Amino acid sequence: TLKPRPMLGMLIHGSSIQMTEMAHFVNFQLDKLLIAGYVGLYEVAHYEVASRASQAARSLPVTGLSTALPAVARTALNAEALWSAYLRMSGYALKLGLLFVVVPVTVAPILLFSWVGQIGYHGRFVFILLSGGVFVGLLTMPAGIAAQALGRIELERRWALVCIVLNIVFSLLAIRQFGKEGAAMGTAAAVCLTSALLMLNFHRLVGRSIMETLRPLAWQIAPAVPVLLAWIGIEHGLRPLVIHSRYFMAPTAVVLLAGCMLSLVVVMARCKRLDAAEHAWLRRMRFPAWVIGPTAPELKSQ
């Protein structure tokens, strides 16, 4: 027989879990309506290209991190085990975000122009802004997964709803002044603010200081910063040489993406920012030991 109370409970639980993705969908779609109304339909195409690119960059890290929930749920009864799993997830989120979100940003002008021509090039700042919000959202995704493992699904639901409201307010304020870039600013600001509040709430829930998360993340990301800045400089130098033809820009974009990704992985491996599992995976991919280093030390957890 059908039991209404358990069915209602499952409906509430499922809708709460899906609220983050709903907020993501509403935020990106609503921006296009605001741009069409306040700026014009011709700018919607530029925004759409940049929006699709940033969402594509987000899809792979999100899929990978989402599979961690069952493993994290098994640690929910042990506070130390849960915290250790959360820190590992945070490290993976950082590295996936660097590879699949930040690296495309470093070569965004050439990448977008080679993909769809001038429409993509004119949307490059929108892509950069939206990707910033996506990256911050990825960093806070482990907190949401750990909260779900503890049965506190209302944390994500609450801040997802707040994000939708803030996105509307911020985008309306910025779009009149900055056009389509203002819409992207509003979305990125709303995502960053609500992600930070979600992180603070999660750390309060588990009785930890947020610095216990930020310090390891800062230590892991430090070697990546000069690598990314160097590739931004390389892209800026090559752009005038290849921008006159998409036939030159497409292979240049591929070389830049591959070069940036490979150099980032090698530098982080040599600087001992990869854990044992990541190091072993690189060896299975036939990276020589003299490139990635002979050992796989444990990452800092404090």
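The values are calculated or read from the model by the stated rules, or taken from the named source; none is laboratory data. From a predicted model like this one, the values you see are computed outputs, not experimental measurements. We place every Cβ from the backbone using ideal geometry, glycine too, and count neighbours over all the protein chains shown. Surface areas here come from the heavy atoms of the whole protein model, side chains and all, with no ligands, DNA or RNA. Shrake-Rupley method; radii C 1.70, N 1.55, O 1.52, S 1.80 Å.
Evaluate the following for F113: is it modelled with pLDDT of 90 or more, assigned to a helix (DSSP H, G or I) and crowded, with 20+ Cβ neighbours inside 10 Å? So F113 fails the test. Note on the stretch 27-100: enclosed helices (runs of 4 or more DSSP H) holding 1 or more residues that are of a type outside the set (A, V, I, L, M), under 23 Å from G259 (Cα atoms) and open to solvent by 40 Å² or more (accessible area, probe 1.4 Å) are 41-66, 79-97. For the stretch 256-273, a residue qualifies if it is farther than 16 Å from G293 by Cβ and either acidic (D, E) or surrounded by 14 or more Cβ atoms within 10 Å (Cβ to Cβ) (or both), and the qualifying residues are L256, L257, G259, C260, M261.
No other residue among L241, L229 is open to solvent by 40 Å² or more (accessible area, probe 1.4 Å), free of Cβ contacts under 8 Å to residues at least 40 places away in the same chain, in contact with a Phe, Trp or Tyr (Cβ under 9 Å, 6 or more places away or on another chain) and assigned to a helix (DSSP H, G or I) apart from L241. Within the stretch 191-206, identify whether any single residue is touching a Gly at 6+ places or on another chain (Cβ under 7 Å), without any contact (Cβ under 8 Å) to a residue 24 or more places away in the chain and open to solvent by 10 Å² or more (accessible area, probe 1.4 Å), and answer yes or no. For the stretch 191-206, residues touching a Gly at 6+ places or on another chain (Cβ under 7 Å), without any contact (Cβ under 8 Å) to a residue 24 or more places away in the chain and open to solvent by 10 Å² or more (accessible area, probe 1.4 Å): absent. Annotation note: Cβ proximity below 7 Å between a residue of the stretch 148-176 that is in contact (Cβ under 8 Å) with a residue 60 or more places away in the chain and a residue that is crowded, with 19+ Cβ neighbours inside 10 Å and outside any helix (DSSP H, G or I) (sequence gap 6+ or interchain) occurs for I175/V39. Inspection of the stretch 156-178 finds no residue satisfying the criterion of being under 18 Å from F125 (Cβ atoms), in contact with a helix residue (DSSP H, G or I) (Cβ under 8 Å, 6 or more places away or on another chain), of a type outside the set (K, R) and at pLDDT 95 or above.
So which of R152, R176 ends up being open to solvent by 40 Å² or more (accessible area, probe 1.4 Å), part of a helix (DSSP H, G or I) and farther than 26 Å from G233 by Cβ?
R176
Quick one: is L214 open to solvent by 20 Å² or more (accessible area, probe 1.4 Å), under 30 Å from F25 (Cβ atoms) and touching a residue at least 40 places away in the same chain (Cβ under 8 Å)? So L214 does not fit the description; no.
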